[in-house]
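A short write-up of the structure that comes next.
The values are calculated or read from the model by the stated rules, or taken from the named source; none is laboratory data. Note that the structure is a prediction, hence the values are computed from the model and not measured. Areas reflect the complete protein model, heavy atoms only, side chains present, ligands, DNA and RNA absent. Shrake-Rupley method; radii C 1.70, N 1.55, O 1.52, S 1.80 Å.
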Amino acid sequence: MTQKKAPEIRKEEIFEAALRCCNEKGYFNTSIEDIAQRAEISKGGIYHHFKSKKDLFIELFHTVADRYFESLRKEVHLTKDPTEQLHEMVRKSEEVFHKHYDILKFCLEFITLGTRDPEIREEVTKFYKTRVALFAQKLDEGVIAGIYKKIPVTGVARTLYFLSMGFFLTFFTVAVDFEPIQQHTINLQTIINGIRRER
């Protein structure tokens, strides 16, 4: 007799199948039937966990984003220096880039769906606000510590977000003529050099 899998294990398998299908065929060309076949589960089994394809992909997006932010928070608290914490964010981004290329590709496509879908736009907005808030916290700590100039913290935090998202959009949509992590590091260092207080 086949042992029944725990719901959380089943959901992980569905997420993995959805991720692969989306990256191979795109969101709109991926059906619940495709995901079910890849996950070796019935369509009814998927609908047991998710109301719709959109709900499945929204939860997948939040799951991978939450895991990323949680790992990032753990990494950046290993050092108390705000500048080093920003650099640690880049190093963590490098790790995610190399180990989870498929997740980044999916996230980028999902984010672009917000241009036409108000519900997805709302979910992506939560991601945007969380990322900006994390950047802003580190910048504010640097200002308080006297490392950075008195800057519009939230505005600069948005700049960091815009740079990182523009970087990934470019990487996945053009014939790349740069080394990804090296360029990502240059982007961050340029911002830090501009806001660092002269000693």
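Here are some notes:
- Here the accessible area of the chain is 53 percent carbon and sulfur, with a 1.4 angstrom probe and all protein chains present.
- Potential lengthening of the chain between Thr185 and Gln137 amounts to 15.3 nm, from the contour at 0.36 nm per residue minus the alpha-carbon distance.
- Cα-based shape type of the chain, given that a ≥ b ≥ c are square roots of the gyration tensor eigenvalues and the cut on a/c is 1.5: prolate
- Ligands, DNA and RNA aside, Leu108 has an accessible area near 20 Å² when probed at 1.4 Å.
- The range 22-28 - phi-based ³J(HN,Hα) in whole Hz, Karplus 6.51/-1.76/1.60, Gly and Pro as x: 5, 5, 7, 10, x, 4, 5
- Once the Kirkwood radius over Cα pairs is known for the range 140-199, the Stokes-Einstein relation at 10 °C and 1.306 mPa s delivers a diffusion coefficient of 124 µm²/s.
- Residues whose amide H comes within less than 5 Å of that of Tyr148, counting only those at least five positions distant or on another chain, are Val143, Arg197 (H built at 1.01 Å from N in the peptide plane).
- Contact order relative to length of the chain, as percent, for alpha carbon pairs under 8 angstrom and 6 or more apart: 18
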